[in-house]
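Quick note: the coordinates plus some simple rules give every number you see, no bench work behind them. Just so it is clear, the model here is predicted, and its values are computed rather than measured. Please note: Cβ atoms are built from the backbone with ideal geometry, for glycine as well, and neighbour counts cover all protein chains shown.
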Amino acid sequence: MQQRTIAEALKHWREVRGISQRDLADRSGVGYASIARIETRRQDPTVGILTRLAEALEIRLADLFEETDRRRPKGRRAGRKK
């Protein structure tokens, strides 16, 4: 298993959702420039910012910290039943 950085995980989930950094900024209330800096590892996000980003991406905060092969495709949440 490979551990990804928060930057890589954020970009992964944003791309899975098919949204741009600007769209994520609009949905989360986090500045576009901050999202760009987080994804390029030039800014360390606070827990508050990560929470807002996870909510906007409709994922659990923990999804940003999981190892790569434990991530669920298409952002499906663990324990949810259809």
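Per-structure values
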read-out	value
Highest to lowest packing among 28-35, 6-13, 44-51, scored as the average C-beta count within 10 Å	6-13, 28-35, 44-51
Convex hull projection area averaged over all views, the range 6-70, Cα basis, nm²	3.8 nm²
